[in-house]
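Read-outs throughout are calculated quantities, based only on the coordinates presented, and are distinct from any laboratory measurement. Given the structure is predicted, the values throughout are model-derived calculations rather than measurements. Here the Cβ positions follow ideal geometry from the backbone for every residue, glycine too, while neighbour counts run over all protein chains shown.
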Amino acid sequence: ESVGQRQRQAGGAGFVQQHALGALVQLHRVLRGVAHGGHADPALLGELELSSGRASQAFEVLFDAARRTRDETLFKRAVQVALQSRSVDHVQSAITAWRRALPQSLDAIRYQLQVAVATNRPADAAEAFSTLLERTPNEDRAGLIEALPALVERMSDQRRTAQAFEPVLASAAQTQAT
């Protein structure tokens, strides 16, 4: 074994120890806050759960905190964790709660649209697109409409998709004309 190999191995062990120590420091802060009657930072707790391989628990922590605080960042992270763990039910419930808590959130509507397309639900996709179109500033609407063909071509039932989107586009054309 060469000197260089031993140094790399030692450096690798040091790297792992450094990150383990960082995680322990974070965990200590969380536990200290809880022990003193405070509340742990839900984002940190969620990330600790996720980094420990417990995606479902991470989602629950983040989603619960998002509902309690109505914090858009927490809703977004809960949806991302649910997507990462491929839990369609968690994704749907988080987006629904996000839309109810923050109905003006364009990010929530975008996620709803993407999930509806990915799960091949034309009516839901059309509803989300219509809402997104209504809430998008006028100067950005043309770009949104231009992106629609690429979005809907990913859906398997093109006839149902066309039927779902026809009234949305007719309404958009009428609105643009006035």
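General observations
- The Rg/Rh ratio for the stretch 136-178, using Cα coordinates for both the radius of gyration and the Kirkwood hydrodynamic radius, is 1.01.
- Test item: Cα-centred dipole of the stretch 44-97, Lys/Arg +1 and Asp/Glu -1 on Cβ, debye: 80
- Using the Cβ-Cβ distance between R159 and R110 with R0 = 30 Å, the FRET efficiency computed as 1/(1 + (r/R0)^6) comes to roughly 0.75.
- Relative contact order (percent, whole number), the stretch 98-178, Cα cutoff 8 Å, 6+ residue spacing: 30
- Packing rank of 75-83, 44-52, where each peptide gets the mean count of other beta carbons within 10 Å, highest leading: 75-83, 44-52
- The 3J(HN,Hα) values that the Karplus relation (6.51, -1.76, 1.60; θ = phi - 60°) gives for the stretch 136-149 are, in residue order, 7, x, 3, 5, 9, 5, 4, x, 5, 5, 5, 7, 4, x Hz. Gly and Pro appear as x.
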